[in-house]
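Data block below; observations after.
No value in this document is a laboratory result; all are computed from the given coordinates. As the structure is a prediction and not an experimental result, all values here were calculated from the model. Using ideal geometry, Cβ is built from the backbone for each residue, glycine included, and neighbour counts are taken over all protein chains shown.
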Amino acid sequence: MYLPRDSVMDTRPRLETFHISTYGCQMNLADSSTLASALLTRGYRRVEDETAADLIILNTCSVREKAEERVFGRLGELYQYKKTKPSVRVAVVGCMAQRLGGDLRERAPHVDYVLGTDRLFELPDVLEGIEGASPIMTAFGHENLDQIQPIKETPYSGFITISRGCDNYCTYCIVPYVRGKERAHSDQYIVDSVRKMADEGVVEITLLGQNVNSYRFNEIDFPRLLERVAVETPIKRIRFMTSHPKDLSRRLVDLMAEQPRILPHIHLPLQSGCDRVLSKMGRLYTLDHYLKIVEYIRRRLSYVALTTDLIVGFPTETEPEFEQTLAAVRTIQYDSAFMFRYSVRPGTTAARYDDDVPEEDKIRRLNTLIALQRDISYQQNQRELSQVRHSLVEGFSRRSESRLRARTEGNKTVLFAADDTIKPGDIVPIRVTAADAFTLHGELAEGMG
Ligand code: SAM
Ligand code: SF4
């Protein structure tokens, strides 16, 4: 229940403004937006300049050690900052808060609030001293799924979290521990939310989940949900992520072939090209199964962008096994990939394995993989040349206001000459005229604008 701020007695200095920094994935961005709107609803003001904030919120990621170290680095700076401005309050929310709970304060005693992934939306209650709300909260089971509002990344693109948590327990991964068991929003809630956003001018929606393919609400599975969104709402473009290879069905691919509004991009994490490593990772598919999905996707969809996640240096991974990953990447020809070296996550199954691949081997393997993928991305982008890609305009290029930046159906950035008649939110046909490994360059396709 939300009470107006003024109705609560609070003897501490009145907080007016807040700033949120978000670390990690789209899911965290979505959570930050929901948290921001909860605070705005209660009368707090969001500021872009951290030094103007009475409350500094860090929404954190635990997926790799480096992500946590980055937050501790930031907390170190805030320790110094708080000496100069003692009234400022610091909240650590999300995955790291969930994982470390009160222990976080042992390393960072200046942190005022620690709220886990199920509790961060209660921050306004905590600030206002509402009964039952305390500065450190990490217990699961308090989440009200419907409180988690769909968010607009921009006035014309939005994200909807269709499910939270994960039941897969890949042996290296902290997500099931910090985000809890998988739970789904109802299909009706999702369809209504998409329709509402479309009515408000959103043209592109991304359906988010750790494993969207295992979505289930009563009788509704993910292809059926997507179909409802595509058929029953006026939204122009639909994306989804992330897909798990063990659950991606042919029905989903068939639906993508039938429904042009479902954009032809599939993020399908492979993690490793070696069956023994995949098994030890608990991924529950083989390379052969994965290749068969890719073959079906490419057969059914005339154009599709495939992207992936890969981990090198998983415990016991040998050099020949790493080479199997390189070979798989050569075979599959991804458009792009997120590549990581294995990082031990305390509490996971893999944390009990000997982290026996030396750090220098992990770094070398990662660099080799990145170089290979860069070449492949370049080649894949060359295949875009002279194709027309219907692209959603996002704004100006970061380097120049004479170029506009747009996102293709395959989720690639394309830059083209700015034109007064084109504005953010427009979907325009762009003919690709040049490409490097990371960006496409193009021009407005004549007669199609
Ligand atoms: N649910 C998605 C999935 O299954 O792919 C994304 C989960 S995670 C936030 C994103 C990626 O981080 C994973 O796909 C994996 O490649 C990587 N990752 C997760 N745990 C890791 C670890 N302990 N060390 C290195 N990379 C890790
Ligand atoms: Fe982590 Fe695996 Fe779940 Fe993805 S599917 S969030 S990698 S446990």
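Below are the figures for this structure:
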read-out: Relative contact order (%) - criterion: Cα under 8 Å, at least six apart; region: the chain; value: 9 percent
read-out: Pairs of Cα atoms farther than 18 Å apart, region 310-449, %; value: 62 percent
read-out: Segments 181-194, 89-102, 72-85 sorted - mean Cβ within 10 Å per residue, highest first; value: 89-102, 181-194, 72-85
read-out: Overall Cα dimensions of region 250-380 - principal axes, largest extent first, Å; value: 47, 30, 23
read-out: Segments 128-135, 377-384 sorted - mean Cβ within 10 Å per residue, highest first; value: 377-384, 128-135
read-out: Approximate shape of region 353-409 as ellipsoid semi-axes (Cα gyration tensor, √5λ), whole Å, largest first; value: 36, 16, 11
read-out: Solvent-free Debye scattering, log10 I(q)/I(0), computed from the Cα coordinates of region 90-200 at q = 0.14 Å⁻¹; value: -0.68
read-out: Share of pairwise Cα separations in region 239-309, more than 17 Å, in percent; value: 39 percent
read-out: Cα Rg, Dmax (largest Cα-Cα span) when computed across the chain, Å; value: 22.8, 66
read-out: Ellipsoid equivalent to region 331-384 - semi-axes via the Cα gyration tensor, in Å; value: 30, 13, 7
read-out: Region 194-296, Rg to Rh (Cα coordinates; Rh as Kirkwood inverse mean 1/r); value: 1.02
read-out: Isolated Cys residues of the chain, judged by Cβ distance under 4.7 Å to other cysteines; value: C25, C61, C95, C166, C274
read-out: Sequence-distant residues sharing a close amide H with H390 (under 5 Å, placed H); value: E409, I430
read-out: Modelled label reach - R299, point 7 Å along Cα→Cβ, region 310-340 residues with backbone N closer than 20 Å; value: 331-334
read-out: Spatially proximal lysines relative to K82 (Cα-Cα < 28 Å; intrachain offsets below 8 disregarded); value: K66
read-out: Burial ranking of peptide ranges 317-323, 412-418, 47-53 (average Cβ count within 10 Å, highest at the top); value: 412-418, 317-323, 47-53
read-out: Alpha-carbon centroids, region 103-155 and region 402-417: separation in whole Å; value: 37 Å
read-out: Spacing of the two label points (7 Å from each Cα toward its C-beta) at K85 and E401, in nm; value: 2.9 nm
read-out: Hits among lysines - C-alpha to C-alpha of K236 under 21 Å, sequence gap 8 or more where chains match; value: K152, K196, K412, K423
